[in-house]
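S.K.: Okay, handing you the structure first.
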Amino acid sequence: MRLVRRVAEFGSLDGITLFAVSKTNDKTKKGNIMNAKPDSTIKTIVLVHGGFVDGSGWEEVYKILKRDGYTVSIVQNPTISLADDVAVTKRVLAAQSGRAVLVGHSYGGAVITEAGNDPKVAGLVYIAAFAPDKGESVSSLIKDPPPGAPVPPILPPVDGYLFLDKAKFPASFAADVDAEKAAFMADSQVPWGIEALSGTISEPAWKTKPSWYLVATEDKMIPPPAQRFMSKRAGSTVVEVAGSHAIYVSQPNAVAKLIENAAKGS
């Protein structure tokens, strides 16, 4: 595993300079306090999965966090619409006894960007995830991929739902996951509703809550330059790890470490 903290210029995406940043010091941007630290006593973590999968992929991350003394809840989003997924996530947050760090993978990043406005959320952690701005959706973020970016093998929609090509799933989504497990993930896909992709953000929580971001540098689903752009825009504390889109499955220790850093506000 290669875990890197750095500040570096990576080029541009649609004319926007991209950076991977270790921490922002911009406390004036739109009046937010993006460097504010969550309560150092926070011991509650809520994990949100992305599209095509369910919450079971968090199992190894869950085990590490539980071993280290955290209370961990996993949201089982239906991934039918963004509004429904936000509502489900908020119900899980409401059941917590105190404030929590909210973690999202992939499409789960859009969910936590909206649900993270809940007062129980102390901080946000994005794992190779979408971090939309106000008025943006997953659909708007992926409609114009940069030249040369890998194209996810998404099949044409059927009855308003999407799947990945099973044969191409392992290479695109889970290239560094055990082959048998990657095949199981492909065969157990959860249909992803088009309405979930088109749901827009009313107010991004990262404008008022501190955030952390793990960039998966070998991601074939969300291009790493796009991840760097979104994390830079959100003012996140960023780490880069060489891994696939399913890095939360293949490298749970790296993912859990970043979540624990967020819980400690570091």
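The values are calculated or read from the model by the stated rules, or taken from the named source; none is laboratory data. Since we're looking at a predicted model, the values are computed, not measured. Here the Cβ positions follow ideal geometry from the backbone for every residue, glycine too, while neighbour counts run over all protein chains shown. Accessible surface is based on the protein model in full, side chains and every heavy atom, while ligands, DNA and RNA are left aside. Shrake-Rupley method; radii C 1.70, N 1.55, O 1.52, S 1.80 Å.
S.K.: Which condition number does A179 fail, the rest of (1) over 15 Å from I201 (Cβ atoms); (2) in contact with a strand residue (DSSP E or B) (Cβ under 8 Å, 6 or more places away or on another chain) being met?
M.R.: (2)
S.K.: Give me a count of the residues in the stretch 116-156 that are in contact (Cβ under 8 Å) with a residue 24 or more places away in the chain, among the aliphatic types (A, V, I, L, M) and in contact with a strand residue (DSSP E or B) (Cβ under 9 Å, 6 or more places away or on another chain).
M.R.: Residues in the stretch 116-156 being in contact (Cβ under 8 Å) with a residue 24 or more places away in the chain, among the aliphatic types (A, V, I, L, M) and in contact with a strand residue (DSSP E or B) (Cβ under 9 Å, 6 or more places away or on another chain): 8 in total.
S.K.: Which residues, taken from the stretch 122-143, are outside any loop (DSSP other than H, G, I, E, B) and surrounded by fewer than 17 Cβ atoms within 10 Å (Cβ to Cβ)? Walk me through it before giving the result.
M.R.: First, pick out the residues of the stretch 122-143 that are outside any loop (DSSP other than H, G, I, E, B): 122-127, 138-142.
Listed by number, the residues that qualify are S139, S140.
S.K.: Tally time: how many residues in the stretch 85-121 are open to solvent by 10 Å² or more (accessible area, probe 1.4 Å) and among the acidic types (D, E)?
M.R.: Within the stretch 85-121, residues that are open to solvent by 10 Å² or more (accessible area, probe 1.4 Å) and among the acidic types (D, E) number 2.
S.K.: Find all pairs meeting these conditions: Cβ atoms under 8 angstrom apart; at least six residues apart or on different chains; first residue within the stretch 194-208 and at negative phi and assigned to a loop (DSSP other than H, G, I, E, B); second residue among the basic types (K, R) and open to solvent by 30 Å² or more (accessible area, probe 1.4 Å).
M.R.: Listed pairs, sorted by first residue: I201/K134; S202/K134; E203/K134; P204/K134.
S.K.: Taking only the stretch 222-240 into account, find how many residues are surrounded by fewer than 24 Cβ atoms within 10 Å (Cβ to Cβ) and among the aliphatic types (A, V, I, L, M).
M.R.: Final tally of qualifying residues: 2.
S.K.: Within the stretch 150-163, take every residue that is assigned to a loop (DSSP other than H, G, I, E, B) and surrounded by fewer than 18 Cβ atoms within 10 Å (Cβ to Cβ) and give me the one that is farthest from the chain's Cα centre (by Cα). Can you show your working first?
M.R.: Initial filter on the stretch 150-163 (assigned to a loop (DSSP other than H, G, I, E, B)): 150-153, 155-157, 159-160, 163.
Now restrict to residues that are surrounded by fewer than 18 Cβ atoms within 10 Å (Cβ to Cβ): 150-151, 153, 155-157, 159-160.
Working: P150: 19, V151: 19, P153: 20, L155: 22, P156: 24, P157: 23, D159: 26, G160: 23 Å.
That would be D159.
S.K.: Here's something else I'd like to know. Show me the strands (runs of 3 or more DSSP E) found entirely inside the stretch 1-84 where at least 1 residues are at pLDDT below 50 and surrounded by 14 or more Cβ atoms within 10 Å (Cβ to Cβ).
M.R.: Numbers: elements: 8-13, 16-20, 44-48, 71-75.
Strands (runs of 3 or more DSSP E) meeting the threshold: 8-13, 16-20.
S.K.: Still on this structure, please answer the following. Scan the stretch 208-218 residue by residue and report those that are closer than 18 Å to N253 by Cα and buried (at least 21 other Cβ atoms within 10 Å of the Cβ). Before the answer, list the steps.
M.R.: Residues of the stretch 208-218 closer than 18 Å to N253 by Cα: 212-218.
Scanning the stretch 208-218 gives W212, Y213, L214, V215, A216.
S.K.: Quick one: is A216 over 18 Å from A122 (Cα atoms), at pLDDT 95 or above and out of contact with any helix residue (DSSP H, G or I) (no Cβ under 8 Å at 6 or more places or on another chain)? Can you show your working first?
M.R.: Working: over 18 Å from A122 (Cα atoms): yes; at pLDDT 95 or above: yes; out of contact with any helix residue (DSSP H, G or I) (no Cβ under 8 Å at 6 or more places or on another chain): no.
No.
S.K.: Could you count how many residues in the stretch 164-193 are surrounded by 15 or more Cβ atoms within 10 Å (Cβ to Cβ) and either in a loop (DSSP other than H, G, I, E, B) or not polar (S, T, N, Q) (or both)?
M.R.: Step one: filter the stretch 164-193 for residues surrounded by 15 or more Cβ atoms within 10 Å (Cβ to Cβ), giving 164, 168-170, 172-177, 181-183, 185-186, 189-193.
In the following step, the residues that additionally are either in a loop (DSSP other than H, G, I, E, B) or not polar (S, T, N, Q) (or both) were identified as 164, 168-170, 173-177, 181-183, 185-186, 189-193.
The qualifying residues number 19.
S.K.: Go through (1) touching a residue at least 12 places away in the same chain (Cβ under 8 Å); (2) in contact with a helix residue (DSSP H, G or I) (Cβ under 8 Å, 6 or more places away or on another chain) for A179 and report which single condition fails.
M.R.: (1)
S.K.: Could I ask something else about it? Give me the pairs: first residue in the stretch 229-245 and under 23 Å from S172 (Cβ atoms), second residue buried (at least 24 other Cβ atoms within 10 Å of the Cβ) and at pLDDT below 95, beta-carbon distance under 6 Å, and six or more apart or on different chains, which are they?
M.R.: Taking only residues 6 or more apart or on different chains, the pairs are E240/A20.
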